[in-house]
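Here is the structure we will look at.
The values are calculated or read from the model by the stated rules, or taken from the named source; none is laboratory data. These numbers come from a predicted model, not from an experiment. Every residue, glycine as well, gets a Cβ built from its backbone with ideal geometry; the counts of neighbours run over all protein chains shown. Accessible surface is based on the protein model in full, side chains and every heavy atom, while ligands, DNA and RNA are left aside. Shrake-Rupley method; radii C 1.70, N 1.55, O 1.52, S 1.80 Å.
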Amino acid sequence: MTSSELWTRETADRYDTEEAGHSSAAVLAPTLDFLTALAGDGRALEFAVGTGRVGVPLRERGVPVTGIELSEHMAAVLRRKTDEDTLPVVIGDMATTVVPGEFALVYLVYNTITNLLTQDEQVECFRNAARHLGPGGRFVVELGVPPLRFLPLGQIAVPFDVADRHLGFDTFDLAEQLLVSHHFTRDGDTGQYRRGASRHRYAWPAELDLMARIAGLELERRVADWDGTPFTDDSVKHISVWRKPA
């Protein structure tokens, strides 16, 4: 059993609509450029492939992609876009599920490693990535930097989106290193707001580096975004690349 919360059919069916801003060709281009270059002539494995926001266009670029996905409902939405022969998907959790073959690239985007709510499971996720990589292969993680500098003494909430149709803020349990993302999304027809929430375990870049070392991987590169912007003290997220020694 995994500690990740299971995405429902209702959530899966509206996911692409709500994430349309992150799915356009222009927005995805730097991500696809980055991953394509790392995959080279090899195969790629996406942990938590979801509805195929990244996996489907990466496959269209000629990279053979296989996915692991916990939610059958999310995988069903992906399957409307492409068939099993084109982009195989194995239902299971990303910390323990093993798929056949060897990969040049394993990647995990959009903060999804935080869906694993314990440190032990996050370590196992790194070990599972290493298990699938061939010598010289890379594991890539996209993850936000915990915004704790925005928490004054006594405050537990940080807003991350204040838009016309969506309000989002995170609340933090600092002792347990957990956060809850709260979403209030306005329906375009009724004007009513739908409330949703999801739990996550946040982790610092240095903590991920130690997880990688436990799994036998070495940090190769860390940047602030898919376009290669340098990572600094002020970066709100990072793209980290760990390499399996040849």
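Below is a table of values for the structure above.
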| item | result |
| --- | --- |
| Residues His22 and Leu174, FRET efficiency given R0 of 35 Å [Cβ-Cβ distance, rounded to 0.05] | 0.80 |
| Burial order of peptide ranges 49-58, 11-20 (average beta-carbon count within 10 Å, highest first) | 49-58, 11-20 |
| Debye, to nearest 20: dipole size of the stretch 75-225, +1 on Lys, Arg Cβ, -1 on Asp, Glu Cβ | 200 |
| The stretch 3-106, relative contact order in percent, only Cα pairs under 8 angstrom and at least six apart counted | 31 |
| Projected label distance in nm at Ala206 and Gln155, using a 7 Å step from Cα toward the beta-carbon | 2.4 |
| Hypothetical label at Glu5: residues of the stretch 153-195 whose amide nitrogen lies under 15 Å (7 Å Cα-Cβ projection) | 168-173, 178-185, 194-195 |
| Share of carbon and sulfur in the accessible heavy-atom surface of the chain [1.4 Å probe, %] | 53 |
| Point-to-point label distance, Asp234-Thr118, nm (Cα→Cβ direction, 7 Å offset) | 4.0 |
| Of [x] 17.7, 57; [y] 18.1, 64; [z] 18.3, 53, the label for Rg and Dmax of the Cα atoms in Å derived from the coordinates | [x] |
| The chain, relative contact order in percent, only Cα pairs under 8 angstrom and at least six apart counted | 17 |
| For the stretch 1-17 and the stretch 57-91, distance of Cα centres in Å | 15 |
| The chain: most fluctuating residue of Arg149, Arg201, Arg61 per GNM, C-alpha cutoff 10 Å | Arg149 |
| Size-normalised alpha-carbon gyration radius of the stretch 93-222, reference 2.2 N^0.38 Å | 1.25 |
| Value of [θ]222 nm, deg cm²/dmol, for the chain, DSSP H segments ≥ 4, -39500 (n - 2.57) each, nearest 500 | -7500 deg cm²/dmol |
